[in-house]
Amino acid sequence: MIEIQNLNVYIKDNHILKNVNVTLPEKQITCIIGPSGCGKSTLLRTLNRLIDTTEEVRLEGRIMVDGQDSLGHDAEVTELRRKIGLVSQRPCPLPMSIFDNVAYGCRINKMFKKRRELIYHVRQNLRAVGLLDEIKGRIRTPAARLSIGQQQRLCLARSLAVQPAYILADEATSALDPISAKTVEDLFVKLKEEYSIIMVTHTLRQALRIADNVVFMYLGEIIESGPAEQVFHHPQHELTQKYLAGAFS
Amino acid sequence: MLVLTLFSVLFVAVMFVGLYLKSAPVLEGKSVWTLLTASEWRPMKGEFGFFPFITGTLWATMVAILLALPVSLLTAIYLTEYAKPVVKKFVFPALDILAGLPSVIYGVWGVLVIVPWISQRVAPHFVEFSTGYTVMAAGIVLGVMVIPLLVSLFIEIFSSVPKELREASLSLGATRWQTTRRVVLRQTLPGIMASTVLAISRAMGETIAVLMVCGCVIGVPHGLLDACYPLPALIANNYGEMLSMPLYESALMFAALILFVVVLIFNLLSRMVLYRIEKKNA
């Protein structure tokens, strides 16, 4: 479980996230929704500390991941990132073969001693995202040769291969064609049995279809959060009602 | 614009033909192979062996690149992947200044600092006496000269790697160094190779600074502490008196032709390797 407590994020002099308090439950899909520029992606990047790569960033507050503060001075950032996988908006295969893309994280984290185990693990993860049969005989070819949809699933397989507990998805289907988007979306639904998924989405319909929990953000603040049924059908806050009604996007 | 483009390409061909025609007299007397492999250099007798100059050029260039490549790579990695903006703010202009310094200044620095250092500090450990005017001095001066060029090129190349690629690696639990080594360097390998070839070409053609520290002794160098006499230094040193002896002008033009061809071969080889890498990754 991830508990965000009094989180404030400043980039240069801009106050991007303002006093964020929310709990992200385990083995469910939590969708973060809100208009562009409301801080959804910043929140996601703060969860796995990728925000650290941004210049002049300042973080305040606590993010408790399985009871440990990931913003604390003694936090193991690389281990945190292994634990919280990320699938970004545009698929970004590493400049290597399909096999090496999935094996990359395993090798970095020294997960297997025997090559045979690594090969088995890579194939398992490619199968989990439905890619193994599609790329038969091409597993050693450059990942850049896959279609965009396949690349996105490869990125998901790559994240799964390091055995994370959480998966962050930053508009992971928005750059895909409708069929690929549906495939990836279905995969997330399947994966929630084993992983906690936190998903930023711009598509309300997608959130409606797959979310168990919803967090609505506006101008860096969390306006409303709770079970999807409650937020979508009985929103408490006026801003949420307006957003869901399409008054702004 | 097409005409101008063709003109610049044609210019290279015209230079090649010009050099070839000027070298023709010396080529009539002896075969190319004999000229390239002979070590005797007696212009008065009409004996022109280019082997010492070719090896001198290759030695000095090799030492320069071996020194400059790791330093430049690590500097560029530090500046693009680790350095804070304030460091970049000071280092980038400094690099530009270094790149723009006239080569004679590097030569003077070599004579005043590197040559005495080799003569007094390094050479006594290995040989009885050395003036310091050696392959090592030429290599160090050349290396230092190409570092700003290489660092600028590498920074340009590393900066072109999409941020998302680094983040993809970091988000799998990789450290920054692992990301640099396994992703950034891998992605930019063709660019690194092309830049290195450019630096090799630059080092091979460098004249004044090398001429001042290489010793200009005709002979095949057998080690870092031997003097050398690279091709550009040969041409520059003897250009004034080339008309005083028969065939001398032609021999010096042949030296220029050798330099031209060697640089051309390096460029072609690197193109071939680049093509193979790109084909493999595409």
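For this structure, a couple of remarks:
- Of the trypsin sites (Lys or Arg not before Pro) found in the stretch B:24-115, the ones in coil according to DSSP and having at most 15 other Cβ atoms within 10 Å of their Cβ are B:Lys30.
- DSSP H segments from chain B that extend 27 Å or more along their own axis, Cα-based, with Kyte-Doolittle mean of 0.5 or above: B:2-29, B:51-77, B:135-159, B:185-205, B:248-281
- Which of A:Leu24, A:Met199, A:Thr173, positive extreme of dipole for the stretch A:2-245 (C-beta unit charges): A:Thr173
- Convex hull volume of the Cα atoms of the stretch A:29-82, normalised per residue: 108 Å³.
- Residues of the stretch B:11-51 with amide N under 19 Å of a point placed 7 Å along Cα→Cβ from B:Glu156: none
- Loop sites here are chymotrypsin sites (Phe, Trp or Tyr not before Pro) outside DSSP states H, G, I, E and B with no more than 11 other Cβ atoms within 10 Å. The longest part of chain B free of them is B:130-282.
- FRET E, pair B:Leu243, A:Glu55, Förster distance 45 Å, beta-carbon r, rounded to 0.05: 0.15
- Among the GluC sites (Glu not before Pro) in the stretch A:187-249, those located in a DSSP loop and surrounded by at most 16 other Cβ atoms within 10 Å of their own Cβ are A:Glu193, A:Glu194.
- Student exercise, the stretch A:2-245 dipole from Lys, Arg, Asp, Glu Cβ charges, in Debye to nearest 20: 1380
- Legend: mean number of C-beta atoms from other chains within 10 angstrom of residue C-beta atoms, peptide B:172-182, equals 6.
- Dimensionless Rg ratio for the stretch B:58-249, taking C-alpha atoms and the 2.2 N^0.38 Å reference: 1.22
- Shielding by partners - mean other protein chain Cβ count within 10 Å, residues of A:102-108: 4
- Of the trypsin sites (Lys or Arg not before Pro) in the stretch A:63-160, the ones in a loop by DSSP (not H, G, I, E or B) with at most 12 other beta carbons within 10 Å are A:Lys110, A:Lys113, A:Lys114, A:Lys136, A:Arg140.
- Dimensions of the stretch A:34-116 based on its C-alpha atoms, expressed as ranges along the principal axes with the largest first, amount to 44, 31, 23 Å.
- For chain A, the mean residue ellipticity at 222 nm estimated from helices alone is -10500 deg cm²/dmol, where every DSSP H run of n ≥ 4 contributes -39500 (n - 2.57) and the total is divided by all residues, rounded to the nearest 500.
- Taking chain B as a Gaussian network of alpha-carbon nodes connected by springs under 10 Å, the highest mean-square fluctuation of the residues B:Pro43, B:Pro190, B:Pro93 belongs to B:Pro93.
- Total accessible area lost when B and A pair, probe 1.4 Å, Å² to nearest 100: 2100
- The protein assembly as shown - share of DSSP beta bridges that are antiparallel (%, nearest 5): 60
- Look at where the Cα atoms of the stretch B:191-237 and of the stretch A:74-98 average out, and the two centres are 46 Å apart.
- Take the Kirkwood radius over Cα pairs of the protein assembly as shown, plug it into Stokes-Einstein at 4 °C and 1.567 mPa s, and you get 47 µm²/s for translational diffusion.
- Note on A:89-101: average number of Cβ atoms from other chains within 10 Å of each residue's Cβ is 4.
- Fraction of the pair-distance distribution of the stretch A:2-245 above 34 Å, Cα-Cα pairs, percent: 17
- Local electrostatic count, A:Gly61, Cβ distance below 14 Å [Lys/Arg +1, Asp/Glu -1]: 0
- Cα-centred dipole magnitude for the protein assembly as shown, charges only on beta-carbon of K, R (+1) and D, E (-1), debye, nearest 20: 1280
The values are calculated or read from the model by the stated rules, or taken from the named source; none is laboratory data. Predicted model, so just to flag it, every value in this text is computed and none were measured. When we count neighbours, we look across all protein chains shown, and the Cβ atoms used for this are built from the backbone with ideal geometry, even at glycine. Each accessible area value is taken on the protein alone, full model and side chains, heavy atoms only, with ligands, DNA and RNA left out. Shrake-Rupley method; radii C 1.70, N 1.55, O 1.52, S 1.80 Å.
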